[in-house]
Ligand code: AMP
C-alpha cells in the first residue's frame, strides 16, 4: 500500500494502469466499517486508490471543519488488511494551491435537501471530487449511498461535464440498531446516540407508508417526521423522485426517503432508496439499474 502525499507522488499510480480498471474511493478519513465496505466493493473491479482529505470548501461557516476527526495513522491501519494499492492523502495546499480559483457550480439536484441547508456545500464537494478525478484519473469511482444527494449531484456533474469515469453507489452500512455509520457519530454522547435511532425509525415509517399504498407525499413525510420527535432539530424528512430529487406524489418508479436532523452535537443524515413496482416496494441503488 503506497502512501502518496503530493502531486508528484501521483506518478506512481501509472504502474497501476493496466487491463483492469483503476478504482477510486474518496473519503474524508476517520474511517469506519461503511468506508471499508466501499473499499471492498471497489476491489472487485481492480486496483484501488483511497483518498483521504478533509475538504475545507465543503464546510460552511460555523460547521465542524476544525473539529472533524483526523487520524491518518489509524486510518492506514484499518486500510492495510484490505490491500488497496495506494492511499492519496494530500494537504490543503496540494489540492488548493491558492485562495479562490475556479470551482464547480453544482446543478439542480444539489438545490434542495442538504444543498438548501448548507449553501455552497455541494459546490465544494464537486470541486474536490473533480480535482481528485483529474489527478488520479480513475476508471471507476465508488461512493456511499448514505450520501444520496451527493451521489446524484456527482452523477449530474459527470454527465453534464462529460467526465470519463463510471460511478458506483454502494449500500449503507448500519449499526445493529439501524443507525447509519458516520464519522460524525463520534460526536454523540450516550443520550444522543440513543436518540439518533430516530432517523432509521423515520425511514422505516416512510417505507411502511409506501408499502401500504399511501400515495401523498404529505402523509408519508408526516409519518416520517412523527418518528423524529427524539431529534433536537429536524432539518428535513422528504420523499423525492430519483434521480431528479423533485417532490411529486409517489407512484411507480424510484424514490428516495431522505432525513436530516441535529441530535446532540451531530448533524446526521440518512436515506432509503426504494423502487415501487410489480414486486412491491424494494430497496434499490441510486445509480444504475
Ligand atoms: P466521508 O468520509 O463521510 O466523506 O465518506 C466517504 C465515502 O464513504 C462517501 O462516499 C460516503 O457516502 C461513504 N460512506 C459514509 N458512511 C457510509 C456508510 N455508513 N455506509 C456506506 N458508505 C458510507
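Restricting attention to the range 93-108, the residues that are farther than 16 Å from residue 129 by Cβ and surrounded by 12 or more Cβ atoms within 10 Å (Cβ to Cβ) add up to 1. Here residue 159 meets each of (1) within 14 Å of the ligand (Cβ to nearest atom); (2) under 27 Å from residue 271 (Cα atoms) with one exception, condition (1). Taking the range 47-61 as the range and being outside any helix (DSSP H, G or I) and either buried (at least 16 other Cβ atoms within 10 Å of the Cβ) or modelled with pLDDT under 95 (or both) as the test, the residues that pass are 47, 48, 49, 50, 51, 52, 53, 54, 55, 59.
Exactly one residue out of 111, 137, 70 is surrounded by fewer than 20 Cβ atoms within 10 Å (Cβ to Cβ), over 17 Å from the mean Cα position of the chain (by Cα) and over 24 Å from residue 30 (Cβ atoms): that is 137. Of the residues making up the range 12-38, those that are more than 16 Å from residue 88 (Cβ to Cβ) and either away from the ligand (no atom under 16 Å from the Cβ) or in a helix (DSSP H, G or I) (or both) are 18, 19, 20, 21, 33, 34, 36, 37. A Cβ distance below 9 Å, combined with a sequence gap of six or more or placement on separate chains, defines the contacts here; from the range 25-36, residues that are at pLDDT below 95 reach no residue that is within 7 Å of the ligand (Cβ to nearest atom). A Cβ distance below 9 Å, combined with a sequence gap of six or more or placement on separate chains, defines the contacts here; from the range 156-178, residues that are under 16 Å from residue 287 (Cα atoms) reach residues that are within 15 Å of the ligand (Cβ to nearest atom) and at pLDDT below 95 in the pairs 167/287; 168/287; 169/287. When 282, 242, 259 are screened for being surrounded by 18 or more Cβ atoms within 10 Å (Cβ to Cβ) and closer than 19 Å to residue 178 by Cα, only 259 passes.
In the range 118-146, what residues are outside any helix (DSSP H, G or I) and touching a strand residue (DSSP E or B) at 6+ places or on another chain (Cβ under 7 Å)?
Scanning the range 118-146 gives 138, 139, 140, 141, 142, 143, 144, 145, 146.
Only one of the numbered conditions (1) at pLDDT 95 or above; (2) out of contact with any helix residue (DSSP H, G or I) (no Cβ under 6 Å at 6 or more places or on another chain) is not met by residue 18, and that is (1). If you go through the range 180-195 and keep only what is outside any helix (DSSP H, G or I), surrounded by 15 or more Cβ atoms within 10 Å (Cβ to Cβ) and more than 9 Å from the ligand (Cβ to nearest atom), you end up with just 188.
The values are calculated or read from the model by the stated rules, or taken from the named source; none is laboratory data. Since the model is a prediction, treat every value here as computed from it, not as a measurement. Glycine gets a Cβ as well: all are built from the backbone with ideal geometry, and neighbour counts include every protein chain shown.
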